[in-house]
Amino acid sequence: MERQTFAGVCGQGMSVSNLRRQGGGRSPDGSRPGFDLVASKLRRPLMRPGTVPRPLLIERLRGGVGCPIVSVVAPAGYGKTTLLSEWAERNGQSFAWVSVDEADNDPKVLLSYVAEALDAVEPIGERVFDALASAGSSVPGSVVPRLSSAFSSMTSPVALVLDDVHVLRNRECRSALSVLADHVPGGSRLALAGRAEPPLRIARLRAEGKVLEIGPGDLSLTPEEASSLLRNVLPAVGQDDVTELHRRTEGWPAGLYLAALYLKEGGSLPRAAASFGGDDRFVSDYMESEFFTRISRRQRAFLTRTAVLERMCGPLCDAVLEDSGSAATLAALERSNLLLVPLDRRAEWYRYHHLFRDMLLAELHRLEPGLMPVLARRAAQWNERNGTPEQALEYWMQAGEVDAAARLIGTLAFPAYQRGRVTTLERWFGWLENHAAIENYPAVAVLAAMLHTWTGKPADAERWANVVERAAAGASLPDGSPSIQPWLAGLRAMLCRDGVDQMRADAQLGAETMAAGSFWRTASILQLATAHLMAGDPVRASVLFEDAAAEGRVGGATIGACIALSERSLLAIADGDWTLARRHLAEARSAARQANVEDYPPMTILHAVAARMALHDADQPRARDELTRAQRLRPDLTYSLPHLAVQARIELARCHLALLDSAAARTLLREVDAILIRRPGLGVFVQQAEDLRAELSRARGSSALGASALTAAELRLLPMLSTHLRFPEIAGEMFLSRHTIRSQANSLYRKLGASSRTQAVTLARELGLLDS
């Protein structure tokens, strides 16, 4: 958003790759879409001239090195951010800073900021950013362990500050911070500031003496500090007045500051003392009855109307106000110390103090409620013109402009998915669903259905698919397709609800009518090839898989290309051509690694093929490693992609039978049966499953239930066990009953040979089922 990079270099909307190059970290694959970070969120706020120093609190922070966690909790206006900023300036230690906001209620967004902040202090390694960038990676199973490990391994002491953590409502975000708190390296600190208790196990940390807590009583100004603050604004204020104001405000910094401004403008001491107690309500009363009566109408309009902006610069304010001269006004406000926070060193970007902004918005809502969507609309238009579409989308949603929001969601959804921001996508789709007749936006509905298909959420995929079926025929499609029909046909082919013949017809329609260069064209050709394979025509399937691989390479559809190459490898194995099979597999693996899609659920098939190759090479350890990789991905390869889900499990079962692991093969075939109940018309895969079932009945070998026999449900639960969530909370998160969670956990413990949750997580990490 700001035209400031993390290093102070010009740049509109900082991408992860740019930030990382400047921060000294890895050089990521430039082909991946950028994730526009707001650079100012990674900058420590500047100390303002005239800020009252807090030496006693700074000394407490310096002296609390035995407490790895710092908790600063107080209502608005108590100087939490100011204290931490002063600590950073006077401490001499490296600080990594993240200012949290509402958009961070997506674990991969929040943890991307944390990773970038740490990486700027000391490079934390490629694996962390790979997990963050992958849509298929598990937050508790991969992202949090990798980030925690990188944090705990940092060699230079660092203070990681997360400001305004009270805005985090997402349970995965809160759980991630709780786990991160357990991995603070020696000499380093994790400081969390906000208006409510941080999302940590505070009682346990308190009992262990690991947390330094600073609250409203600590942040209230002493009489001497109050005197300093008041005299910085109003040098002539008398000591008796200072004493009275301090007594009535109880040392509340915001109250004292606003009282000083009020007196400076000619207000009376009795009125000031009565108006600024330690409560937001007093400030609100003051804003309504005193402050706005003492400034010009133009100043009042500027303040209230620009309060709709999260962050602001002169040109943005000009656009929102349809006026000029805003840059000068912002500079003057900053010089007047009117609760305006500069966000860069070039005096371009600002935000209002949160308390002040709340009051300005309340005033705007009271006086000009109809103007709020108009202002948000102008902000959205400015952001679109200036190349920050995600910020524009947030303002379009704020303005309630459904058409404009739907257009941008259609443009941004696929790149957001590629960057792993599934929670953000869910929020966008949910907003649109709540604010419109979604049938009017079939392009977005198709995207939602397809993305839920790939992420293994069949119920959501079907719900959105049904929306598309009801949708109007006409739609503006971002890939240039002439109508919704090619997309709809491709979606039907993916879901394969009506058997092989219908899947082949749908895929044929999609492949023939999809716009040239469309990012869905590879998927349509891939589904057509799969339909021919399922119909018993491997020769035609091979040609089409080759076409899909070529199309995917050119169009950047790497997942489709990798699946097609894996399928070509399997066909070569069936023909006994292991040399050709090895070449296709190597190409698929290289493409997946370069595009960082190895953790995506459809890549289960790649690992199944690799396991078969390893067994052919008589390399059982490598085969077991590939089977473990597939095991991690398999839970999210569901009947939303039934053909691939069944085929991958059949190939995995073959490998387990070759290893004489009957229990694992039996588990996989049960999952195949469950999918076939929902999608019975899967052609040759039905017979292959039947043949395997017969082979299993004759097989010798171990039938003991071990880690390889974990079910998809148990594998889905496993990453949640590594969090600090209790079983009832996990049940709520997974939309299951407590009894079901407890039953799955007990079964999981037995298969791992564990006697407790902690031991189960430890063993799972040793086996490679969770990242360590």
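For ALA689, state whether it is touching a residue at least 12 places away in the same chain (Cβ under 8 Å), in a helix (DSSP H, G or I), surrounded by 14 or more Cβ atoms within 10 Å (Cβ to Cβ) and under 28 Å from the mean Cα position of the chain (by Cα). No, not satisfied. Here region 374-422 is the region considered, the condition is being surrounded by 18 or more Cβ atoms within 10 Å (Cβ to Cβ) and among the β-branched types (Val, Ile, Thr), and the residue that is nearest to THR455 (Cα to Cα) is VAL422. Answer yes or no: is there a residue in region 94-116 that is farther than 25 Å from GLU310 by Cα, of a type outside the set (Asp, Glu) and surrounded by 21 or more Cβ atoms within 10 Å (Cβ to Cβ). No, every residue in region 94-116 fails to be farther than 25 Å from GLU310 by Cα, of a type outside the set (Asp, Glu) and surrounded by 21 or more Cβ atoms within 10 Å (Cβ to Cβ).
With the structure loaded, tell me whether LEU615 is closer than 22 Å to ASP575 by Cβ and surrounded by fewer than 21 Cβ atoms within 10 Å (Cβ to Cβ) or whether it fails that test. So LEU615 fits the description; yes. Within region 657-664, the presence of a residue that is out of contact with any Gly (no Cβ under 9 Å at 6 or more places or on another chain), assigned to a helix (DSSP H, G or I), without any contact (Cβ under 8 Å) to a residue 40 or more places away in the chain and surrounded by fewer than 24 Cβ atoms within 10 Å (Cβ to Cβ) is excluded. A residue that is within 23 Å of TYR600 (Cα to Cα) and within 29 Å of the chain's Cα centre (by Cα) can be found somewhere in region 495-505. All of (1) at pLDDT below 95; (2) under 36 Å from the mean Cα position of the chain (by Cα); (3) open to solvent by less than 10 Å² (accessible area, probe 1.4 Å) hold for ASP636 with one exception: (3).
Of the helices (runs of 4 or more DSSP H) that lie entirely inside region 718-772, those containing 1 or more residues that are more than 27 Å from the chain's Cα centre (by Cα) span 738-752, 757-767.
Inside region 670-686, residues that are out of contact with any Phe, Trp or Tyr (no Cβ under 9 Å at 6 or more places or on another chain), assigned to a helix (DSSP H, G or I) and buried (at least 20 other Cβ atoms within 10 Å of the Cβ) make up a count of 2. Evaluated against (1) open to solvent by less than 10 Å² (accessible area, probe 1.4 Å); (2) closer than 30 Å to THR558 by Cβ; (3) touching a residue at least 40 places away in the same chain (Cβ under 8 Å), VAL128 falls short on exactly one condition, (3).
Could you tell me whether ARG90 is under 28 Å from VAL761 (Cα atoms) and surrounded by fewer than 22 Cβ atoms within 10 Å (Cβ to Cβ)? So ARG90 fails the test. Of ARG311, ARG305, ARG300, all but one fail to be surrounded by 17 or more Cβ atoms within 10 Å (Cβ to Cβ) and either β-branched (Val, Ile, Thr) or over 34 Å from the mean Cα position of the chain (by Cα) (or both); the exception is ARG300.
You will find that of TYR113, TYR78, the residue that is more than 19 Å from LEU190 (Cα to Cα) and of a type outside the set (Val, Ile, Thr) is TYR78 and no other.
Just one of the listed residues (LEU192, LEU180, LEU221) is in contact with a Pro (Cβ under 6 Å, 6 or more places away or on another chain) and under 21 Å from ASP106 (Cα atoms), namely LEU192.
Going by what's in this entry, would SER85 be described as closer than 25 Å to LEU340 by Cα and touching a Ser or Thr at 6+ places or on another chain (Cβ under 8 Å)? Answer is no for this residue. Among the residues of region 314-324, those that are over 17 Å from LEU371 (Cα atoms) and open to solvent by 40 Å² or more (accessible area, probe 1.4 Å) comprise PRO315, SER324. Which ones in region 737-767 are open to solvent by less than 70 Å² (accessible area, probe 1.4 Å), touching a residue at least 40 places away in the same chain (Cβ under 8 Å) and not small (Gly, Ala, Ser)? Selection gives LYS751, LEU752, VAL761, LEU763.
Residues of region 331-372 that are under 23 Å from GLY255 (Cα atoms) and in contact with a strand residue (DSSP E or B) (Cβ under 7 Å, 6 or more places away or on another chain): LEU333, GLU334, LEU339, LEU340, VAL341, PRO342, TYR350, ARG351, TYR352, HIS353, LEU360.
Can you confirm whether ARG649 is open to solvent by less than 20 Å² (accessible area, probe 1.4 Å), charged (D, E, K, R), closer than 21 Å to LEU767 by Cα and within 27 Å of the chain's Cα centre (by Cα)? No, not satisfied. With the structure loaded, tell me whether GLN631 is within 23 Å of TYR749 (Cα to Cα), part of a helix (DSSP H, G or I), at pLDDT 95 or above and open to solvent by 10 Å² or more (accessible area, probe 1.4 Å) or whether it fails that test. So GLN631 fits the description; yes. The C-beta contact set for region 63-79 (first residue within 15 Å of VAL158 (Cβ to Cβ), second residue at pLDDT below 85, distance under 6 angstrom, 6+ apart or interchain) comprises ILE69/LEU205.
For (1) under 26 Å from VAL139 (Cα atoms); (2) part of a helix (DSSP H, G or I); (3) touching a helix residue (DSSP H, G or I) at 6+ places or on another chain (Cβ under 8 Å); (4) of a type in the set (A, V, I, L, M), each residue gets a yes or a no:
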site	(1), (2), (3), (4)
GLY410	yes, yes, yes, no
GLU426	yes, yes, no, no
LEU447	yes, yes, yes, yes
GLY456	yes, no, yes, no
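Among the residues of region 623-675, those that are closer than 18 Å to HIS452 by Cα and of a type outside the set (A, V, I, L, M, F, W, C) comprise ARG634, PRO635, ASP636, THR638, TYR639, SER640, PRO642, HIS643. Does region 73-82 contain at least one residue that is at pLDDT below 85 and either over 29 Å from THR222 (Cα atoms) or open to solvent by less than 40 Å² (accessible area, probe 1.4 Å) (or both)? Within region 73-82 (the criterion being at pLDDT below 85 and either over 29 Å from THR222 (Cα atoms) or open to solvent by less than 40 Å² (accessible area, probe 1.4 Å) (or both)), the answer is yes, since at least one residue qualifies.
Quick check on region 696-703. Is at least one of its residues assigned to a helix (DSSP H, G or I) and in contact with a helix residue (DSSP H, G or I) (Cβ under 6 Å, 6 or more places away or on another chain)?
First, pick out the residues of region 696-703 that are assigned to a helix (DSSP H, G or I): 696-698.
Now drop any that are not in contact with a helix residue (DSSP H, G or I) (Cβ under 6 Å, 6 or more places away or on another chain), which leaves 696.
Yes, because at least one residue in region 696-703 is assigned to a helix (DSSP H, G or I) and in contact with a helix residue (DSSP H, G or I) (Cβ under 6 Å, 6 or more places away or on another chain).
Could you count how many residues in region 704-717 are of a type outside the set (Gly, Ala, Ser), open to solvent by 20 Å² or more (accessible area, probe 1.4 Å) and in a helix (DSSP H, G or I)? Residues meeting the conditions: 1.
Residues that are in contact with a strand residue (DSSP E or B) (Cβ under 8 Å, 6 or more places away or on another chain), in a loop (DSSP other than H, G, I, E, B) and at pLDDT 90 or above within region 83-112 comprise just one, VAL100.
Of all the residues in region 570-591, those that are in contact with a Cys (Cβ under 9 Å, 6 or more places away or on another chain) and crowded, with 23+ Cβ neighbours inside 10 Å number 1.
Residue-wise test of (1) of a type in the set (A, V, I, L, M); (2) open to solvent by 50 Å² or more (accessible area, probe 1.4 Å).
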site	(1), (2)
VAL539	yes, yes
PHE545	no, no
ALA548	yes, no
ILE559	yes, no
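The values are calculated or read from the model by the stated rules, or taken from the named source; none is laboratory data. Only a predicted model underlies this, so the values are computations on that prediction, with no experimental measurement involved. No Cβ is skipped: glycine too gets one built from the backbone with ideal geometry, and neighbour counts run over all protein chains shown. These accessible areas exclude ligands, DNA and RNA; they are computed on the full protein's heavy atoms, side chains included. Shrake-Rupley method; radii C 1.70, N 1.55, O 1.52, S 1.80 Å.
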